[in-house]
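Reviewing the structure listed below.
Just so you know, all these numbers are worked out from the coordinates, no wet-lab data involved. Everything quoted here is computed from the prediction, not taken from an experiment. Glycine gets a Cβ as well: all are built from the backbone with ideal geometry, and neighbour counts include every protein chain shown.
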Amino acid sequence: MTKFIFLFISFFYINSVYAGAEKVTLIFTGGLTEIAVKDKGGYAELASLLEIHRKKPTAVFFIFGGNSLFPSILSSFDHGTHIIDLLNSLEPDVMGASNGDFAFSEDELSLRTYEAAFPIVQSNIIETASGQNLDGVLNSVILQQGRYKLGFISLMDEGVLETYNLTRISVKDPQLIVAAEAEKLRSLGADLIIIHYRGTELNCIDFLKNGMVDLVLRNNNDSSLLTAEKAQKHAKQIFLAETAQAAVIELSWQSKLPQTLTVQWQAEKLALYPKNSAVQQQIKNYSSRLDLLLDEIIGVTRTDIDTSTVGLRTKENALGNLVTDLMKKHSGADIALLNGGAVRGDSFYPKNSQISRRDIVKMLPYRDTVVLLEVTGMQLLAVLENGFSQIENIKGRFPQISGMKVVYDSQAAAGDRVISVEINNSPLQPLKRYKLATSSYIARGGDGYQRFRHNVPLTYNQQMSKLLSDILINELRLTNSIFPKIESRMIDIVKQPAGQP
């Protein structure tokens, strides 16, 4: 009899535990800036992946990690509206705003939130004037599928403010924000709390260890950020380090016991999935509108052009030389400076390649114009130090220059890397004033170039609202060919062969 009672109790306990088991599937991706990339996959393939999992009996949540409204050729025209349109078709449960989503200013991100049929969350920012979040952006949100409720928080690094010259918002302490938002979400009945984060400054694993949150989603698909191998690992941290991938995540836990959560996941290459026909048609519609304009051949490059991230953010670059030369010529300046991050595309064009309008807009996607400033030699030295200050992190502030020769030491302490500067073959004079051509982005203090923020722009003869891309297009139209080349304008003494100065 005792044995029978024991078996009955054991059977009842096992079944009650099993009955309390909860299971959901998460699909997580981000960093999909281009709508159509050969051999990599994108939104049409992502739609097929979602369709497959949504047909299964388990509840499916689709969480989009943002960083997709910029850069791309199309976003240069519509500031990311087409990305929101495509996402509306894919029906994400939420989007965590991050990095490139802020590229077109705070107001543009607010506009995108009203176009989106899904919530857009960024938890640790505050608008200085109102003391609230940006209009349309949520601090956190409860996601619900059937009986399941997931609390969602999204964090970003303070460096985004500097990168995109965001002056109306500030970044709040993530520790305090997570504590407050997690408590609020749990009080609203969230089964699990999820943090989305894209950056390098914050160790979200601490939030997992103290039980404040239950799962961390990170999409750091950027060569200047951490790789999956370098990131601190945790069973409940999902880390996507490559573009065109989606994490398929299976979550299991006992009801009302988030601490029992177990996580199984794998990264799926989007290119392995078929294209969803409806989404692909949307993509074709967008592409066809631009093809006639963008496929026009403008000219030929007679030398190689490298627009790789590393090639533009760690050393002198041939295209950087050409663009800054054209900026100097266009404005009548003595010298020119452009941040390497202004040039994009991550492509290689071998010599004698035909260059189309599409190529140029891809190279120079920002809507930057040329600004002429009068700067002192001391100011110039300070901004060059800023430009070289984060070489090891492959940051976009790295300078591309014209009219100057700079010798620097990439392994010296940041702020003390410039060894010498020559302007038009003469040593830099600290008190002398020089006419500098730069971009409107840098003139406003972007990428840490704060020294220029109070310099009043000068007028010049050809002053118009011409974009950098327009200036390059005009040069190609006039000459039919370009010859960008390396000219030892910037010399890193660390990388000089033995016996050379």
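Summary of values
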item	result
Cα-only Debye scattering, the chain: base-10 log of I(q)/I(0) at q = 0.08 Å⁻¹	-0.55
Nearest-0.05 FRET efficiency for Glu51 and Glu115, computed from C-beta distance (R0 22 Å)	0.40
Three-way shape call for the range 50-152 based on the alpha-carbon gyration tensor, with the a/c threshold at 1.5	oblate
Hits among lysines - C-alpha to C-alpha of Lys432 under 17 Å, sequence gap 8 or more where chains match	Lys405
Estimated distance in nm for a label pair at Ala235 and Lys209, the labels positioned 7 Å out from Cα along Cα-to-Cβ	1.7 nm
Restraint check, Lys172/Lys269; Lys38/Lys315; Lys56/Lys172; Lys56/Lys395, Cα-Cα greater than 31 Å	Lys172/Lys269; Lys56/Lys172; Lys56/Lys395
Among 273-280, 240-247, the order from most to least packed when residues are scored by Cβ within 10 Å on average	240-247, 273-280
Estimated vicinal HN-Hα couplings, Hz - the range 183-195 in sequence order (Karplus 6.51, -1.76, 1.60; Gly, Pro = x)	4, 5, 5, 5, 5, 8, x, 5, 6, 9, 10, 10, 10
Antiparallel %, DSSP beta bridges [both residues in the chain], to 5	60 percent
Protection proxy ranking of 176-183, 362-369, 151-158 - average other beta-carbon atoms within 10 Å, highest first	151-158, 362-369, 176-183
The range 73-208: C-alpha gyration tensor shape, a/c 1.5 cut-off, then a/b vs b/c	oblate
Percent antiparallel among DSSP beta bridges (both partners in the range 175-297, rounded to 5)	55 percent
Protection proxy ranking of 308-316, 421-429 - average other beta-carbon atoms within 10 Å, highest first	308-316, 421-429
Residues with amide H under 5 Å from that of Thr301, placed H, sequence gap 5 or more	Asn352, Ser353, Ile355, Ile482
Relative contact order for the range 113-228, counting Cα pairs under 8 Å that sit 6 or more residues apart, in percent	23 percent
Gln264 versus Val37: modelled label distance in nm, points set 7 Å from Cα along the beta carbon direction	2.9 nm
Value of [θ]222 nm, deg cm²/dmol, for the chain, DSSP H segments ≥ 4, -39500 (n - 2.57) each, nearest 500	-9000 deg cm²/dmol
Cβ-based exposure ranking for Phe388, Phe483, Phe77, in which fewest neighbours within 10 Å come first	Phe483, Phe77, Phe388
Anisotropy class of the range 443-485 from Cα gyration tensor, a/c 1.5 cut	prolate
For the range 447-452, Karplus couplings with θ = phi - 60° (6.51, -1.76, 1.60), whole Hz, Gly/Pro x	6, x, 7, 5, 4, 8
For Asn124, residues with placed amide H under 5 Å, excluding near neighbours	Met156
Sequence-distant residues sharing a close amide H with Val371 (under 5 Å, placed H)	Thr438, Ser439, Ser440
Using θ = phi - 60° and Karplus 6.51 cos²θ - 1.76 cosθ + 1.60, couplings along the range 395-410 (whole Hz; Gly, Pro as x)	8, x, 6, 3, x, 10, 9, 9, x, 10, 10, 10, 10, 9, 10, 5
